[in-house]
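Just below is one structure, and these are the notes that go with it.
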2 protein chains.
Amino acid sequence: MLRTGSRNATIESVAARAGVSRQTVSNVLNAPDRVSPQTAERVRRAIAELGYRPNWMARRLRNRAGRVLGFHIQAADHPGLGNLIDRFLHAVTSHAERAGYRLLLFTQSESCEAELGTYEELVATGTVDGFVLCDVRAEDERLPWLVERRVPFVCFGRPWGQELRCAWVDVDGALGTGQAVDHLVGRGHTRIGYLGWHPGSGFGDDRALGWRRTMQRHGLSTDDLQEQTDDNVDAAAAAASGLLAIADPPTAFVCASDTLAVGVRLATRSGPEVDVVGFDDSPVASLLLPPLSSVRQPLEDVARAIVRLLVEQLDRNTQSAEGVLLPPQLVVRDG
Amino acid sequence: MLRTGSRNATIESVAARAGVSRQTVSNVLNAPDRVSPQTAERVRRAIAELGYRPNWMARRLRNRAGRVLGFHIQAADHPGLGNLIDRFLHAVTSHAERAGYRLLLFTQSESCEAELGTYEELVATGTVDGFVLCDVRAEDERLPWLVERRVPFVCFGRPWGQELRCAWVDVDGALGTGQAVDHLVGRGHTRIGYLGWHPGSGFGDDRALGWRRTMQRHGLSTDDLQEQTDDNVDAAAAAASGLLAIADPPTAFVCASDTLAVGVRLATRSGPEVDVVGFDDSPVASLLLPPLSSVRQPLEDVARAIVRLLVEQLDRNTQSAEGVLLPPQLVVRDG
DNA sequence: CCCAGGCCTTTGAACGATCAACCCGCAGGC
DNA sequence: GCCTGCGGGTTGATCGTTCAAAGGCCTGGG
C-alpha cells in the first residue's frame, strides 16, 4: 500500500487505543486464554476500529520462519506434468494457504548460472523455508544438496535411482497403464501396443512396466508391441506406424502421454480405427476428435499430500523420508 | 533451512570477523563508495568465508517494502487466457526477478468469503506490495477498491467499461482477428464466418469487432456470418453447424478461441474442408489434426510490460494510468 | 593554534512483532 | 506471619537489517 501520510495500524496503536500493553494485544490474537474476557473484548474492538492486521514481515522475522514455500516454475512444458502445471499450482497454493503457508515462484535467475545457486540464494536469505520439487531428474544434484543442508522439501515423483532418504509423493504410473490395459482388454482387444519414452526417466519406465505386467497377467504377449520415442507428435506417429506394420499388428495402444496418443491418432487417421489411451488427461484429451481416454493424475490429492509432508517437516524441524503413492484414475471417453 | 545449532551468518558475525561495524558491512553491499577499498576487500572476504546473505525478512521489514507481487491463480481454466497461465506465470516471474521482485501466488482463501477480503488481507499484512490482475471482468469491484486504497496494480486486459484510471497491458484482439481475416482472404476465401462468445466480455467484443471491420475493409459482407456461443466444443460445433446451413455458407472461420475452433473442426469433420483460425495458440493448436492456425498472444512482451508498469508505480510510490497495447501474431499452420 | 570540511567509520534508534521474565494482588496452606 | 501458586498484565530484549546522526582523524586555511 502506498504511504498516504497515515500509516497502517500497528500493534502499538491498537494497544494505546485499548488502554493495554503490546503483549496483551498479541495475546488476544495468539493465546486468547491468557487474557480476561472483558479485556479481550476491548482489544478486539480496538482491532476492528483500526483495521489492524499483524505485519507479516515483522512476525516472520521474530519467529525465524517465513512460512513460504518455493516452487521452481520452468520455461518449457515438461513431459510427465505436461501442461497441468496450472492445475497443480492452484492445488498446492490452496492447500498451502490452508496450512498458513504461501507459495513463491522462482525461475532460473540469470545471476546464478548454476542451478543450485538459485536454491542457495533462496535458502540463505531466508526467502523460503522449503521447496516443492516437481521435475526431479535421475541423478538430480538438488536432492543430495538439499538433504545435506537439511532444507525441507518434497518431491512430486519418486527420487528414481537416488540412494537417499527424502519425502516424496507420486502417482502410481504402473497402476495407471495397468488400468488402461484392463480397459482395452475389456473392450475385446488382445493385441495392445505400448508407446513410451526412451528408457531412463523413472516414471516413463514405470508406466511401461505397468503395461507389460498387466499384459502378462492377462496372458497376452508383449513381444514387438513396444516402441520408444521422444515426446512429440511426429516422432510418435512414426513409431506407431512402425508398430502397425508388423505381422498381427496392435488394435489398440497405451501411451505414456497424451502427446504420444495424438501421434497414434495421426498415424491411424486413414487406416482402421484403433483404440488409444493417453496419460495425464490434459485439456487436449477432451478436445480431440473423437475425445481421448486418458489416465488422470489426482493432482488435488498429490498437492494435499505434498503440503502435508512439507509442513510436517517444517513444524517438527526435521527432514522426513515418507513416501506417498497415489492411484491415478482412468477417464474413459470411448464412443 | 533447519536450525542445526549453528545459525546462519548475520551481518553482525561478518562485522566481527572483518573487525568492523555492522553498518560498514551494510555499506559494502548497499553503498560501496562510502567504504575504503581495503576495508571493503576485507569485508568481502569475510562475507565469502561465512557465506553471508542479508536476511530477506529483516531487510524488507526495515525498508517497509516486501518487493513481492501478488498473483491470483484461479481454479478453473479461464477463457481469454485459456491454459496459457503457466507460460504467462513463468514470464512474469522471470521479469519480476530481474527487477528484484518475487511473485507470490494466492487463491480465494476459504476464510474470506468476500473476494476483496483476500486482497485486503494481503495488503494490510504487508505480504504483497502490488498485484497483477489477469482476469479483469466488466464491473470488476477490485479495481475501484484498489484505486481507492492506492494499492499499485496492473491489469492484463483493458479495464473494459470501467471509468477509472489504472495501468493496463493488453493484446490487440481486434488486430489479431483482423490478421486472421487477411490471411484467409489471401487464401481465396470470401465467405468468412466468425464464432465468438456472448457479448459482454470486453476482449470478446473486441475480437468480433476486428473481424467485422476487416471484412468490411475487404469489401466482404458480414451478414448472417456471426454466431455467439459458450466457450466449449459442443456449443461451438452446434453454432458452426448453424452457420453452415445458411445459403452461401462460409468456407472459412475465425474464432475467438482455440476451443471454439476445435468445435468448428468437429462440425465440419465429415463435410467439405474449411479453413479455421483459432485464438491463443494453446498447445491444442499444434496437436490437432491437421494443426490449427491460431493468433498468438505475445505473453513474454505482456509480462515484461506488466512488470515494468508495476515496478514504476512501486518505485515512485504513485499509481499510474499508462496503457500498453501489444500486437498479436498469427501463427500459420495451413497444410 | 583553532576550526572547517571531507573521508571513513561507528553508534543509536528504528521497523513491528513475539518470547521470556517479571510484577502485582489475592487466595490458600502451614 | 510467611511462603507459594496463580490469574492477568506489564516491561525488556530480540529477530537482522538500514537510516540518521554523530564521532574520529587528517588536511588545509585563517
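Laboratory data are not the source of any read-out in this text; all were calculated from the coordinates shown. On a predicted model such as this, the values are computed, not experimentally measured, just so you know. Note that we place each Cβ from the backbone using ideal geometry, even for glycine, and neighbour counts take in every protein chain shown.
The phi torsions of the range B:12-18, fed into the Karplus equation with coefficients 6.51, -1.76 and 1.60 and a -60° offset, translate into couplings of 5, 5, 5, 4, 4, 5, 7 Hz, rounded to whole numbers, with Gly and Pro shown as x.
Seen against the Cα atoms of chain B and their longest principal axis, helix B:258-267 is set at about 30 degrees.
Against the main long axis of the alpha-carbon atoms of chain B, helix B:115-124 sits at an angle near 20°. With a Förster radius of 60 Å applied to the beta-carbon distance between B:ARG64 and A:ARG217, the computed FRET efficiency rounds to 0.40. Karplus-based coupling profile of the range B:300-305, in residue order and whole Hz: 4, 5, 4, 4, 4, 5, with θ = phi - 60° in 6.51 cos²θ - 1.76 cosθ + 1.60 and x standing for Gly or Pro.
For the range A:127-273, the alpha-carbon radius of gyration amounts to 1.23 times the rule-of-thumb value 2.2 N^0.38 Å expected for a compact globular protein. Show log10 I(q)/I(0) for the protein assembly as shown at q = 0.06, 0.08, 0.09 Å⁻¹, two decimals, from a solvent-free Debye sum over equal Cα scatterers. With no solvent term, the Cα-only Debye profile gives -0.41, -0.72, -0.89. Within 10 Å of each residue's Cβ, count the other Cβ atoms and sort A:TRP145, B:TRP160 from fewest upward. Least to most surrounded, the residues fall as A:TRP145, B:TRP160. In this rough spin-label picture, where each label sits 7 Å from Cα along the Cβ direction, the B:ASP230-A:GLU12 distance is 5.6 nm.
Between B:VAL324 and B:TRP168, B:VAL169, B:ASP170, the built amide H atoms are under 5 Å apart, and every one of these is 5 or more places off in sequence or on another chain. Taking the number of Cβ atoms within 10 Å of each Cβ as an exposure proxy, the fewest-first ranking of B:HIS218, B:HIS90 is B:HIS218, B:HIS90.
Scanning residues 5 or more positions from B:LEU103 or on other chains, those with amide H under 5 Å from its amide H are A:LEU105, B:LEU69, with H placed 1.01 Å from N in the peptide plane. Which percent of the Cα-Cα distances in chain B go past 25 Å? For chain B, the share of Cα pairs beyond 25 Å comes to 60 percent. Which of A:VAL35, A:LEU104, A:PHE156 sits closest to the plus end of the dipole of chain A, meaning its Cα is farthest towards the positive end, when Lys and Arg get +1 and Asp and Glu get -1 on the C-beta? Working it through, the farthest residue towards the positive pole turns out to be A:VAL35. Do any trypsin sites (Lys or Arg not before Pro) in the range B:140-206 lie in a loop, going by DSSP, with at most 15 other beta-carbon atoms within 10 Å of their beta carbon, and if so which? Of the trypsin sites (Lys or Arg not before Pro), the ones in loops of the range B:140-206 whose Cβ has at most 15 other Cβ atoms within 10 Å are B:ARG149, B:ARG150, B:ARG165, B:ARG187.
Note on chain A: helix-only mean residue ellipticity at 222 nm, from DSSP H runs of 4+ residues weighted -39500 (n - 2.57) and normalised by residue number, equals -13000 deg cm²/dmol. Rounded to the nearest 10 degrees, the angle from helix B:202-217 to the longest Cα principal axis of chain B is 50 degrees. Projecting label points 7 angstrom from Cα along Cα→Cβ for B:THR190 and B:GLU41 puts them 8.2 nm apart. Footprinting exposure proxy ranking of B:ILE47, A:ILE306, A:ILE246, fewest other C-beta atoms within 10 angstrom first, gives A:ILE246, B:ILE47, A:ILE306. Using a Gaussian network model of chain B in which every pair of alpha carbons under 10 angstrom is joined by a spring, one finds that among B:ASP231, B:ASP33, B:ASP315 the greatest mean-square fluctuation is at B:ASP33.
Computed on the Cα atoms alone, the convex hull of the range B:46-183 gives a volume of 165 cubic angstrom per residue. Among the trypsin sites (Lys or Arg not before Pro) in the range A:19-71, those placed in a DSSP loop whose Cβ has at most 15 other Cβ atoms within 10 Å are A:ARG64.
Averaging the sequence gap over all C-alpha pairs within less than 8 Å and six or more residues apart, then dividing by the number of residues, gives chain A a relative contact order of 16 percent.
Of all alpha-carbon pairs in the range B:113-207, indicate the percentage at a distance above 16 angstrom. Value for the range B:113-207: 63 percent of Cα pairs lie more than 16 Å apart. A crude spin-label estimate for the pair B:ALA245 and B:GLU163, with each label 7 Å from Cα along the Cβ direction, gives 4.4 nm.
Shown in residue order for the range A:176-186 are the 3J(HN,Hα) couplings computed by the Karplus curve 6.51 cos²θ - 1.76 cosθ + 1.60 at θ = phi - 60°: x, 5, x, 4, 4, 4, 3, 4, 5, 4, x Hz (x for Gly and Pro).
Between the beta carbons of A:ASN317 and B:VAL332, assuming R0 = 45 Å, the FRET efficiency works out to 0.20 to the nearest 0.05. Amide H contacts for B:TYR194 (H built 1.01 Å from N in the peptide plane; partners 5 or more residues away or on another chain; cut-off under 5 Å): B:GLN226, B:GLU227, B:VAL254. Grouping the Cα pair distances of the range A:218-335 into 10 Å bins from zero gives a pair-distance distribution of 13, 35, 26, 15, 10, 3 percent in increasing distance order.
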